[in-house]
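Here's the structure we're looking at; comments come further down.
The values are calculated or read from the model by the stated rules, or taken from the named source; none is laboratory data. As the structure is a computational prediction, the values presented were derived from the model and not from experiment. Glycine gets a Cβ as well: all are built from the backbone with ideal geometry, and neighbour counts include every protein chain shown.
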Amino acid sequence: MASSRNLSRFWEWGRKIICVGRNYAEHPKELKNEVPTEPVLFLKSPSAYVREGAPILLPYYTNNLHHEVELGVVIGKGGTNIPQSNAMDHVEGYALCLDMTARDIQDQCKKKGLPWTLAKAFNTSCPVSDFIPKETIQDPHNVKIWLKVNDNLRQEGHTSSMIFSIPFLISYISRIITLEEGDLILTGTPKGVAAVQENDEMVAGIDDIISMKFQVKKQTQ
Ligand SMILES: O=C(O)/C=C/C(=O)CC(=O)C(=O)O
Ligand SMILES: [Mg+2]
């Protein structure tokens, strides 16, 4: 692997967070969207990163903040036009991620044909787990991701249900946006997305490989 710096704290690098939407057929169906024939992409800002011990902040402008549990892929070796056949050589590891989404704002943006930035890219919209070295997950298309809110199971999905595989996504994205060491790709959420309230506690995991816990707090202005 070409990585010269330690990626174990990739969230401190301030690199791109590239998100794939509607990548589990069951999720677009629950939101009454079409199942895509090409990946749906959007970005989060580096200030979206938040780590265990710090709260997820409810943006002041939403009344419907949703959780989306997702498998994150951490890029070790950058590239443009990466062929699918060696895409996995560009992966350094994984992370469990939440794609926190202001669903009411996203719905308004969709109706107006506006970008999703306010709904998806706000501060603390990307809680991440510790870095998971690549060797820890033998097959990233064969793990279960899950999320509980206040001890109630809300989301449970298997990465084998992804529409577009990780090598396909790396290759597809790198033809549009050059991938760099330290970038994070969120691979989409399974069904079960729903709202969280102030003081809710979310616990999420990848099988029994890793888990993380976050509390939701109101933003103080
Ligand atoms: O199109 C919608 O209404 C919602 C799409 C998403 O929020 C997509 C994702 O972020 C996802 O599927 O993970
Ligand atoms: Mg998502």
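Where residues in segment 119-129 are more than 13 Å from ligand 1 (Cβ to nearest atom) and among the hydrophobic types (A, V, I, L, M, F, W, C), which of them is farthest from Leu184 (Cα to Cα)?
Filtering first and then ranking leaves Phe122.
Can you go through Val74, Val69 and tell me which one is within 14 Å of ligand 1 (Cβ to nearest atom), among the β-branched types (Val, Ile, Thr), buried (at least 19 other Cβ atoms within 10 Å of the Cβ) and under 23 Å from Ala204 (Cα atoms)? Break it down into steps so the answer makes sense when it comes.
Details: Val74 fails: within 14 Å of ligand 1 (Cβ to nearest atom).
Sole residue among the options that is within 14 Å of ligand 1 (Cβ to nearest atom), among the β-branched types (Val, Ile, Thr), buried (at least 19 other Cβ atoms within 10 Å of the Cβ) and under 23 Å from Ala204 (Cα atoms): Val69.
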May I ask you to list the residues in segment 159-188 that are part of a loop (DSSP other than H, G, I, E, B), touching a Ser or Thr at 6+ places or on another chain (Cβ under 9 Å) and under 25 Å from Leu65 (Cβ atoms)? Thr187
List, please: which pairs have Cβ atoms under 6 Å, are six or more places apart or on different chains, and start with a residue in segment 100-118 that is closer than 21 Å to Asp200 by Cβ and end with one that is at pLDDT 95 or above and of a type in the set (Ser, Thr, Tyr)? Met100/Ser125; Ala102/Thr62; Asp104/Thr62; Ile105/Thr62
Members of segment 60-103 that are within 16 Å of ligand 2 (Cβ to nearest atom) and either at pLDDT below 95 or farther than 19 Å from Pro140 by Cα (or both): Thr62, Asn64, Leu65, His66, His67, Met100, Thr101, Ala102, Arg103
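Within segment 175-189, track down each residue that is of a type in the set (S, T, N, Q) and crowded, with 20+ Cβ neighbours inside 10 Å. Steps first, answer last, please.
First, the residues of segment 175-189 that are of a type in the set (S, T, N, Q): 178, 187, 189.
Correct list: Thr187, Thr189.
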Which residue, of Ala54, Ala121, Ala95, is of a type outside the set (Asp, Glu), within 15 Å of the chain's Cα centre (by Cα) and under 20 Å from Lys217 (Cα atoms)? Ala121
Can you give me the number of residues within segment 31-46 that are away from ligand 1 (no atom under 11 Å from the Cβ) and either within 19 Å of Met100 (Cα to Cα) or not in a loop (DSSP other than H, G, I, E, B) (or both)? 3
Looking only at strands (runs of 3 or more DSSP E) that lie completely in segment 63-111, which have at least 2 residues being under 18 Å from Met162 (Cα atoms)? 69-75, 91-98
Answer yes if at least one residue in segment 117-124 is surrounded by fewer than 20 Cβ atoms within 10 Å (Cβ to Cβ), touching a helix residue (DSSP H, G or I) at 6+ places or on another chain (Cβ under 6 Å) and assigned to a helix (DSSP H, G or I), and no otherwise. yes
Glu156: of a type in the set (D, E, K, R) and in a helix (DSSP H, G or I), yes or no? no
Filtered residues of segment 182-221 (kept if touching a strand residue (DSSP E or B) at 6+ places or on another chain (Cβ under 6 Å) and within 26 Å of Asn86 (Cα to Cα)): Asp183, Leu184, Ile185, Leu186, Thr187, Gly188, Thr189, Ile206
Failed condition for Asn33, given (1) within 16 Å of ligand 2 (Cβ to nearest atom); (2) surrounded by 22 or more Cβ atoms within 10 Å (Cβ to Cβ), with all others met? (2)
Restricted to segment 10-30, and to residues that are part of a loop (DSSP other than H, G, I, E, B) and within 13 Å of ligand 2 (Cβ to nearest atom), which residue is surrounded by the fewest Cβ atoms within 10 Å (Cβ to Cβ)? Arg22
Test: Val149 is farther than 21 Å from Met162 by Cα, over 14 Å from the mean Cα position of the chain (by Cα) and away from ligand 1 (no atom under 16 Å from the Cβ): yes
Selection from segment 88-116 of residues that are surrounded by fewer than 23 Cβ atoms within 10 Å (Cβ to Cβ) and hydrophobic (A, V, I, L, M, F, W, C): Met88, Val91, Ile105, Cys109, Leu114, Trp116
